[in-house]
Ligand SMILES: [Fe+2]
């Protein structure tokens, strides 16, 4: 029998073999069916990396708030006025520019294999933030349920753009319902709309995961978080991706430094849009950029 060559497009083939190599096939199933998946710590990064990441986030908390942060104690907003804030949470923004460890995270093989699958390689980083959360009411009874896709019409749906965003949460502490885990409504990514106020709360499940786990979720899934009932901090690093045709939440394209681009592989430039000559000034487009970082 004559064997014919595989018809799998090269890009897709590469992504699928990476998924197999990393043992993520079941996570792909979860994503398709439920709209989210939890990848265990051993398939994500080393314990050493996790510890370093946690330490770095706590250091930035202190730098920005002027208050000392301890995993076992509740936090304080201090001088940091970032939005959105609840009584028991704030976000640290623009982490990619805050420490090289976040560049490393952006290139994490597991994160990339999953995002390449979800976004078919069209993605760029939209924002990298940390939700610093402690004991309190949080989002209250509605759990803050929403989908991350940006609606442009009152009806909520932008044709053909429902899957132009995907999100991920790297858990830096254990996630349990009691300590304020994320809430997800399984299968809601197939409804292609935002929830109405209060809708989906009765179907929301806690996403319980060990520190070091990576939660990957479809941009269309309804999600939020349970209030944190226990003392201490719940920490994460949230990396949100969007299609290259969309504007990013945080500004990277022209703000990433030459050093950042030079010390990382071409994939990094692609993920921060620095390989795209559009967005020029009086000097006009610099066509060497896309060539340089291909
Ligand atoms: Fe969200």
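Every read-out reported here was derived from the displayed coordinates using simple, explicitly stated rules and does not represent laboratory data. All of these numbers come straight from a predicted model, not from anything done at the bench. Please note: Cβ atoms are built from the backbone with ideal geometry, for glycine as well, and neighbour counts cover all protein chains shown.
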Cα gyration tensor of segment 33-116 - equivalent ellipsoid semi-axes, whole Å, descending: 26, 16, 14
Candidates 66, 144, 136, ranked by Gaussian network fluctuation over the chain, Cα under 10 Å, top entry: 66
Estimated 222 nm signal from helices in the chain, with DSSP H stretches of n ≥ 4 weighted -39500 (n - 2.57), rounded to 500: -7000 deg cm²/dmol
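In which sequence would 238, 149 go, from the one with the fewest C-beta neighbours within 10 Å to the one with the most?
Values: 238 18, 149 24.
Neighbour counts put them in this order, fewest first: 238, 149.
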Computed P(r) (all Cα pairs; segment 135-272; 10 Å bins; percent): 11, 34, 32, 19, 3
Segment 251-294: Rg to Rh, with Rh as the Kirkwood radius over Cα pairs: 0.94
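Using the number of other C-beta atoms within 10 angstrom as an exposure proxy, rank 221, 19 with the fewest first. Please list the in-between numbers first.
Values: 221 25, 19 18.
Least to most surrounded, the residues fall as 19, 221.
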Listed residues 280, 134, 254, most fluctuating in the chain (Gaussian network, C-alpha, under 10 Å): 280
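Rank these for me by crowding, 239, 288, 126, going from fewest to most other beta carbons within 10 Å. If you can, show how the numbers build up before the last one.
On the way: 239 26, 288 9, 126 21.
Lowest count first: 288, 126, 239.
Could you give the length gained on full extension between residue 104 and residue 86, defined as 0.36 nm per residue of separation minus the Cα-Cα distance, in nm?
Full extension of this stretch gives 3.5 nm more.
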Along principal axes, Cα extents of the chain, largest first, whole Å: 60, 48, 44
